[in-house]
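Just so it is clear, none of the values below were taken in a lab; they were calculated from the coordinates. Computed from a prediction, not measured in an experiment: that's the story for all the values here. When we count neighbours, we look across all protein chains shown, and the Cβ atoms used for this are built from the backbone with ideal geometry, even at glycine.
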Amino acid sequence: MLDCLPIVAKELLVDSQAWHTEDIMRKLERDTHEEERAWQRDQVDQEFWDRLLALKERHLEAQEWQVAMVARTVETTEEDH
């Protein structure tokens, strides 16, 4: 019986190391997955902000066009009087 103790101890150590390695690998996989999801969210956010900026630029151009049209209308009205 005592002869088996070193073998059992080694088996327990090997099992413990295997479990620890599995835990580390699972954590690494989970962290990698979370990093990928965060990167994807960042990409979606960046696309949103790019589209919003483009929309704001178009809005500004439309406002500038409207100002020009109002100015022409005012000039035409003043010339007619």
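Given charges of +1 on the Cβ of Lys and Arg and -1 on the Cβ of Asp and Glu, with all other atoms neutral, how large is the dipole of the range 10-80 about its Cα centre, in debye to the nearest 20?
Values: 10 positive and 20 negative charges, 77 e Å.
Rounded to the nearest 20 debye, it is 360 debye.
State the extension gain, in nm to one decimal, for the chain segment bounded by Gln40 and Trp19, taking 0.36 nm per residue of separation less the distance between their alpha-carbons. Each step should come with its number before you reach the end.
Details: separation 21, 0.36 × 21 = 7.56 nm, distance 3.14 nm.
Stretched fully, the Gln40-Trp19 segment lengthens by 4.4 nm.
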Kirkwood hydrodynamic radius (C-alpha pairs) into Stokes-Einstein, the chain, 4 °C and 1.567 mPa s, D in µm²/s: 66 µm²/s
